[in-house]
Amino acid sequence: MSAISKISVIGLGYVGLPLAVAIARHVPATVGFDIDGRRVAELQAGHDRTREVDDEAMRATTLRSTTDAEDMRGSDMYIVTVPTPVDQWNKPDLEPVRKACRTVGEVLEPGATVVFESTVYPGVTEDLCGPLLERFSGLVCGRDFFLGYSPERINPGDREHTVERITKVIAGQTPEVTEQLAQVYGSVTTGGVFRAASIKAAEAAKVIENAQRDINIAFINEITMIFQRMGLSIHDVLEASATKWNFLKFQPGLVGGHCIGVDPFYLAECASQLGHHPEIILSGRKVNDAMGHYIADRVMDHMGPEKENARVLVLGLTFKENVPDLRNTRVVDIVQKLRAKGHLVDVHDPLADTDEAARYYQIELKRSLDGLRGYDALIGAVPHDAYKGFSSDVFDRLVSPGGIIADIKGMWRNLVLPTGRLVWHL
Ligand SMILES: NC(=O)c1ccc[n+]([C@@H]2O[C@H](COP(=O)([O-])OP(=O)(O)OC[C@H]3O[C@@H](n4cnc5c(N)ncnc54)[C@H](O)[C@@H]3O)[C@@H](O)[C@H]2O)c1
């Protein structure tokens, strides 16, 4: 990378940190900037609590983590990886992106490229970020500095599809910028780069990848509800259907997290701005967002409407298996619904941060299963590895005779469960 001697990454979360560490292997003068002092202190001490980068890689990296934007000054390239959440009305909250534009704009110097990796809808990079960068830098976009977009595709907890292995979609404001991005990202990943036709095409490509998953899962969730009325297991049905070469293999379940449950709202907002009411995209969201209540209702049906103050143990609170990430977890819908009906719900998770669970969801997490016993219902909500191999004795201890074992992700389908308990699979 001859022309590039300094790169700054803005936002050191699940996406930004692994990317910054990977880039620092090729560009030693890589700076990682974050507004969260606690996060930066932890990274400076050599630990990543998201577990995306292990302690050995943290020790070896030349990445300089900082909360001081001045440390980024003089960078040839700025890569923005800040969050893109939705607000309480499910509208895109672009405030972190706006603030990042201000931070970068204030240190931006002529000749630099600003690349966005945050998931957005088409137009945000060129129509919102470009003008903001101009305003805060006093420079002219397309003459003094240039824009790029390269969506992030990593999947938290997935050690196979890492930032160093996946195909990176890239798009620059000019062909020269696209080639610059090809050089930078091409050296980081062995998966190669794909030059999208335009920045808007790259933005659109990312947001539909996640909306497509959401809609496909919503379809499976809907047919799960239909087949349950017939006493038919969705897993038995899917196993048979999956033998067709072009059947799409999605599983039913809760859809949470920072991406799949959020990004479709970005696409929906874009559609609305263009005067198109998005039917399928919002229907998918509606079905998937209702799954937690559906599961809680089925558990209560099986306990019987007369059952009061039942003791329920929910296993797993994170939005997916084997990660500590609690963002937008929909397990809370199950917990809240059961509690609203007066049931006494304990929640266990071996990976989630107990402080975050208390702060964001008012849930006091159990860290150990030792000493827990005799519940009326056990809900296997998240298939963490720690839960998959439970012996019959564990179920025997955790669930009272006559109690319910609710297996949301089919993780116990092939286990021999103790007799005298009702087993329900989503
Ligand atoms: N997590 C994923 O699996 C994933 C995958 C693909 C794409 N994405 C997208 O990547 C983007 C980042 O997601 P994430 O999961 O890494 O988020 P995250 O919450 O893990 O990390 C974001 C980081 O940005 C910091 N930050 C917030 N505002 C800032 C600002 N103004 N300046 C500097 N730092 C700021 C936060 O303190 C945090 O450390 C989002 O747009 C997301 O949709 C995420």
Margin query: Scan segment 195-213 and tell me whether some residue there is surrounded by fewer than 21 Cβ atoms within 10 Å (Cβ to Cβ), at pLDDT 95 or above and closer than 30 Å to HIS302 by Cβ.
Written below: yes
Item checked: LEU108, sole failed condition from (1) open to solvent by less than 30 Å² (accessible area, probe 1.4 Å); (2) more than 23 Å from the chain's Cα centre (by Cα); (3) within 16 Å of ILE199 (Cβ to Cβ) -> (3)
Margin query: For segment 5-43, give me each residue that is farther than 22 Å from ASP158 by Cα and part of a loop (DSSP other than H, G, I, E, B).
Written below: SER5, LYS6, HIS26, VAL27, PRO28, ALA29, ASP34, ILE35, ASP36
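Scan GLU321, GLU279 and give me the residue that is more than 16 Å from the ligand (Cβ to nearest atom) and acidic (Asp, Glu).
Numbers: GLU321 fails: more than 16 Å from the ligand (Cβ to nearest atom).
One residue alone meets the criteria, GLU279.
Quick grid of which residues meet (1) within 11 Å of the ligand (Cβ to nearest atom); (2) at negative phi; (3) charged (D, E, K, R); (4) outside the structural domain of THR125 (by TED's automatic domain parsing):
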| residue | (1), (2), (3), (4) |
| --- | --- |
| ASP34 | yes, yes, yes, no |
| ARG38 | yes, yes, yes, no |
| ALA41 | no, yes, no, no |
| GLN44 | no, yes, no, no |
| ASP48 | yes, yes, yes, no |
| ASP54 | no, yes, yes, no |
| ASP68 | no, yes, yes, no |
| ASP71 | no, yes, yes, no |
| THR81 | yes, yes, no, no |
Margin query: So, restricting to helices (runs of 4 or more DSSP H) that lie completely within segment 138-241, which ones have at least 2 residues that are within 16 Å of the ligand (Cβ to nearest atom)?
Written below: 175-188, 199-228
Next item on the list: Of the conditions (1) hydrophobic (A, V, I, L, M, F, W, C); (2) out of contact with any helix residue (DSSP H, G or I) (no Cβ under 9 Å at 6 or more places or on another chain); (3) closer than 14 Å to VAL86 by Cβ, ILE260 clears all except one; give me its number.
Entry: (2)
Margin query: Looking for something hydroxyl-bearing (Ser, Thr, Tyr) and modelled with pLDDT under 95 - is there at least one such residue anywhere in segment 20-40?
Written below: no
Margin query: Tell me whether segment 357-377 contains one or more residues that are under 29 Å from MET230 (Cβ atoms) and open to solvent by 70 Å² or more (accessible area, probe 1.4 Å).
Written below: no
Next item on the list: Residue by residue through segment 327-362, note down the ones that are on the phi > 0 side of the Ramachandran plot and either touching a Pro at 6+ places or on another chain (Cβ under 6 Å) or more than 16 Å from the ligand (Cβ to nearest atom) (or both).
Entry: GLY342, GLN362
Next item on the list: Kindly list, by first and then second residue, each pair from a residue in segment 2-14 that is within 14 Å of SER65 (Cα to Cα) and open to solvent by 10 Å² or more (accessible area, probe 1.4 Å) to a residue that is more than 10 Å from the ligand (Cβ to nearest atom) and part of a loop (DSSP other than H, G, I, E, B), limited to pairs with Cβ atoms under 9 Å and residues at least 6 apart or on different chains.
Entry: LYS6/VAL27; LYS6/ALA29; LYS6/GLY74; LYS6/SER75; LYS6/ASP76
Margin query: Step by step: first the residues of segment 15-32, then only those that are open to solvent by less than 30 Å² (accessible area, probe 1.4 Å) and out of contact with any Leu (no Cβ under 6 Å at 6 or more places or on another chain), then the one that is nearest to the ligand (Cβ to nearest atom). Which residue is that?
Written below: GLY16
Next item on the list: Pairs only if they're at least six apart or on different chains, beta carbon under 8 angstrom, first in segment 254-274 and on the phi > 0 side of the Ramachandran plot, second within 12 Å of the ligand (Cβ to nearest atom) and in a loop (DSSP other than H, G, I, E, B); list them, first residue then second.
Entry: GLY257/PRO156; GLY257/PHE319; GLY257/LYS320; GLY257/ASP325; GLY257/ARG327; GLY257/ASN328
Check: Take the residues of segment 121-137 that are within 13 Å of the ligand (Cβ to nearest atom) and open to solvent by 10 Å² or more (accessible area, probe 1.4 Å): which is nearest to PRO278 (Cα to Cα)?
Finding: TYR121
Next item on the list: Only residues that are closer than 17 Å to ALA69 by Cα and out of contact with any helix residue (DSSP H, G or I) (no Cβ under 6 Å at 6 or more places or on another chain): list them for segment 115-134, please.
Entry: VAL115
Margin query: Need pairs with beta-carbon distance below 8 Å; first residue not assigned by TED's automatic domain parsing to the domain that holds LEU254 and within segment 324-346, second of a type in the set (Phe, Trp, Tyr) and away from the ligand (no atom under 16 Å from the Cβ); sequence gap 6+ or separate chains.
Written below: LEU326/TYR361; THR329/TYR361; VAL332/TYR361; VAL335/TYR361; ASP346/TYR375
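The values are calculated or read from the model by the stated rules, or taken from the named source; none is laboratory data. From a predicted model like this one, the values you see are computed outputs, not experimental measurements. No Cβ is skipped: glycine too gets one built from the backbone with ideal geometry, and neighbour counts run over all protein chains shown. When the accessible area is computed, the model is the full protein with side chains, heavy atoms only, and any ligands, DNA or RNA have been set aside. Shrake-Rupley method; radii C 1.70, N 1.55, O 1.52, S 1.80 Å.
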